[in-house]
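Below: one structure, written as structure tokens.
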Amino acid sequence: MGISSFFKNLFGKAKEAASEVSEKAEAFADVAVAKAKDLAEDAGEMASKVKAEASEIGHKVAEKAKDVMEDIKEETSEFVEDAKEVGGKVMDKVKDVAHDVKEKVEDMMDGGDKAAENAAEKAAETVTNTAENIANDAADNIAEATEEKPE
């Protein structure tokens with residue numbers, strides 16, 4: 001009977017030790033699960049706060065950008081209007097000069113040679129067209145420059 005009681009004591013003690021370890025592990029697992037739940041709640045709350053703050057900042061940035069774009073549009077429209085006005089004045093002056101050139105050529109010819117008169121008209125027309133192109137190109141370039149460089 002000595003051997004059987006030895007094995008009973010041995011396995012009984014092992015069973016008790018395993019039961020104790022199991023209880024301690026279960027208690028530790030419960031504590032870990034509770035802490036994990038708390039951390040998850042805290043992380044969820046922080047994420048909500050960060051999201052709300054980011055949204056608020058995003059709205060503020062969008063409003064500022066909108067204000068800046070409106071200011072840029074106002075200022076560039078003034079430049080474009082000025083460029084159009086200057087272009088119109090240049091165009092008027094070129095037309096006047098072309099007309100004066102045509103009249104002087106006609107006066108010099110005293111109504112004589114029709115070919116010279118036609119040449120004068122073509123020259124005046126060419127000067128006018130060239131001036132129109134230059135004025136339009138200048139207005140377009142100014143408009144493009146103001147759109148590309150909103151400083």
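All of the numbers you see were taken from the coordinates with simple rules; none came from a lab. No experiment lies behind these values; they were computed from the predicted model shown. No Cβ is skipped: glycine too gets one built from the backbone with ideal geometry, and neighbour counts run over all protein chains shown.
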Exercise for review: Using the structure shown, select from Lys84/Lys104; Lys84/Lys122; Lys49/Lys73 the pairs with a Cα to Cα distance greater than 32 angstrom.
Suggested key: Lys49/Lys73
Exercise for review: Would you give the gap between the C-alpha center of the stretch 45-84 and the C-alpha center of the stretch 126-140, rounded to a whole Å?
Suggested key: 37 Å
Check your understanding: Can you give the FRET efficiency for Ala27 and Glu56, using 1/(1 + (r/R0)^6), R0 = 35 Å, r = Cβ-Cβ distance, to the nearest 0.05?
Key -> 0.20
